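S.K.: My questions all concern the structure below.
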Amino acid sequence: MLEGRCAVVTGGTRGIGKAVAAALLSQGAKTAVIATKDTEEARKALAEIDPEGTGRAYFYACDISSPEACDETAKKITEDVGKVDILVNNAGITRDNILPALSKDDIDSVIDINLKGTMFMTKAFIRGMVRQKSGSIINISSVVGLMGNKGQTNYAASKAGIIGFTKSVAREYGRKNIRCNAIAPGFIETRMTDALSDAQKEEIMKLLVLERLGKPEDVANLALFLASDASSYITGEVIKVDGGMYV
Ligand code: NAP
């Protein structure tokens, strides 16, 4: 499906991003994954993304909350890997608490990484996509960006912001044949959700129409579709992968 294409996945070293990177690579894309630091975990993840050792997986350390780092990394990826056709803005963090207990840093870091990081990375690659007159940008939002959630005011605001950004990019670049869509996952089993208490997990389970938690691969399947030409007439959409959590 993606033979000859180049993809970038931020936060591609574990959880949803790692599953997305593996899915894109398995369909023939050269895939660059980004995480904050070049660690042993990141290198191990790269080997798992490319189990057959095709050599099509690349790693770059970049803190996406820095616009300069995003520009520099985009330049390096374009030189090493090629012209980027697919950008998956997946990296994200949570700093959950009730509103009065959120520090300025809890608010800033979530907005800086989740929302501004998505904007900086997109800005870093958009000119290249305009030049080649094609591109698929996939932003990982969250179902809480649509429905809100107690204890996640900072996170929900960042994810709702991603939806407005997605629709605006879709409108601004549609005539250049660049599509931009958002995925809104519900509860997916990753390190991010491991941090939730059993009581919180039980509350979430009650909302799931499909009565099971999601897997990173459930999100990766949709990302693959949105990255491919099979979705060539879909842009500006927000698609939930939430097991019916927010019907
Ligand atoms: P995760 O397991 O915690 O992985 C997050 C990834 O983002 C890691 O690779 C991490 O690498 C990277 N990252 C974090 N901060 C970064 C930064 N400043 N610069 C570059 N990379 C950074 O999270 P996940 O559960 O897979 O979530 C992935 C995305 O899906 C997030 O945007 C999350 O908000 C969204 N989402 C998740 C769920 C869920 O239930 N899991 C639901 C809805 C939406 P390092 O820490 O090594 O940098």
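S.K.: Spot the failing condition for SER26; the list is (1) small (Gly, Ala, Ser); (2) open to solvent by 50 Å² or more (accessible area, probe 1.4 Å); (3) more than 19 Å from the chain's Cα centre (by Cα), and only one is missed.
M.R.: Result: SER26 fails condition (3) only.
S.K.: Okay, next question. Please determine whether any residue of segment 118-128 is of a type outside the set (Gly, Ala, Ser), surrounded by fewer than 17 Cβ atoms within 10 Å (Cβ to Cβ) and modelled with pLDDT of 95 or more.
M.R.: Looking for residues that are of a type outside the set (Gly, Ala, Ser), surrounded by fewer than 17 Cβ atoms within 10 Å (Cβ to Cβ) and modelled with pLDDT of 95 or more, one finds at least one in segment 118-128, hence yes.
S.K.: Being within 13 Å of the ligand (Cβ to nearest atom) and under 21 Å from ARG5 (Cα atoms) is the filter here; which residues of segment 61-71 pass it?
M.R.: Scanning segment 61-71 gives a single hit, CYS70.
S.K.: Which residue is farthest from ALA195 (Cα to Cα), if the candidates are limited to segment 87-112 and must be away from the ligand (no atom under 11 Å from the Cβ) and among the hydrophobic types (A, V, I, L, M, F, W, C)? Reasoning before the result, please.
M.R.: Of the residues in segment 87-112, the ones away from the ligand (no atom under 11 Å from the Cβ) are 87, 95-108, 111.
From the residues that got through so far, the ones that are among the hydrophobic types (A, V, I, L, M, F, W, C) too are 87, 98-99, 101-102, 107, 111.
Numbers: LEU87: 27, ILE98: 16, LEU99: 19, ALA101: 18, LEU102: 17, ILE107: 18, ILE111: 20 Å.
So the residue we want is LEU87.
S.K.: Which residues, counting only those in segment 48-81, are small (Gly, Ala, Ser) and under 20 Å from the mean Cα position of the chain (by Cα)?
M.R.: Once the filter is applied, which keeps residues that are small (Gly, Ala, Ser) and under 20 Å from the mean Cα position of the chain (by Cα), segment 48-81 yields ALA57, ALA61, SER65, SER66, ALA69, ALA74.
Residue-by-condition table, conditions (1) open to solvent by 10 Å² or more (accessible area, probe 1.4 Å); (2) among the aliphatic types (A, V, I, L, M); (3) within 14 Å of the ligand (Cβ to nearest atom):
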residue: GLU3; (1), (2), (3): yes, no, no
residue: GLY12; (1), (2), (3): no, no, yes
residue: VAL20; (1), (2), (3): no, yes, yes
residue: ASP38; (1), (2), (3): yes, no, yes
residue: GLY53; (1), (2), (3): yes, no, no
residue: PHE59; (1), (2), (3): yes, no, yes
residue: ALA74; (1), (2), (3): no, yes, yes
residue: ASP85; (1), (2), (3): yes, no, no
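S.K.: When residues of segment 40-50 are filtered for being more than 7 Å from the ligand (Cβ to nearest atom) and either open to solvent by less than 10 Å² (accessible area, probe 1.4 Å) or touching a helix residue (DSSP H, G or I) at 6+ places or on another chain (Cβ under 8 Å) (or both), how many remain?
M.R.: 4
S.K.: I'm trying to understand the selection: among the residues of segment 187-216, which are at pLDDT below 95, closer than 16 Å to ALA91 by Cα and either aliphatic (A, V, I, L, M) or not in a helix (DSSP H, G or I) (or both)?
M.R.: Answer for segment 187-216, where residues must be at pLDDT below 95, closer than 16 Å to ALA91 by Cα and either aliphatic (A, V, I, L, M) or not in a helix (DSSP H, G or I) (or both): just MET192.
S.K.: Also, I was wondering about something else. Going by the conditions given, is ASN177 of a type outside the set (Gly, Ala, Ser) and either out of contact with any helix residue (DSSP H, G or I) (no Cβ under 8 Å at 6 or more places or on another chain) or away from the ligand (no atom under 16 Å from the Cβ) (or both)?
M.R.: yes
S.K.: If you don't mind, another one. If I ask for residues that are within 13 Å of the ligand (Cβ to nearest atom) and surrounded by fewer than 14 Cβ atoms within 10 Å (Cβ to Cβ), which ones from segment 188-199 would you list?
M.R.: Selection gives ARG191, ASP194, ALA195.
S.K.: Within segment 15-38, track down each residue that is of a type in the set (Val, Ile, Thr) and in contact with a Ser or Thr (Cβ under 8 Å, 6 or more places away or on another chain).
M.R.: The answer is ILE16, VAL33, ILE34.
The values are calculated or read from the model by the stated rules, or taken from the named source; none is laboratory data. Just so it is clear, the model here is predicted, and its values are computed rather than measured. Cβ sites come from the backbone with ideal geometry, for glycine too, and all protein chains shown count toward neighbours. Accessible surface areas use protein heavy atoms only, side chains included; no ligands, DNA or RNA. Shrake-Rupley method; radii C 1.70, N 1.55, O 1.52, S 1.80 Å.
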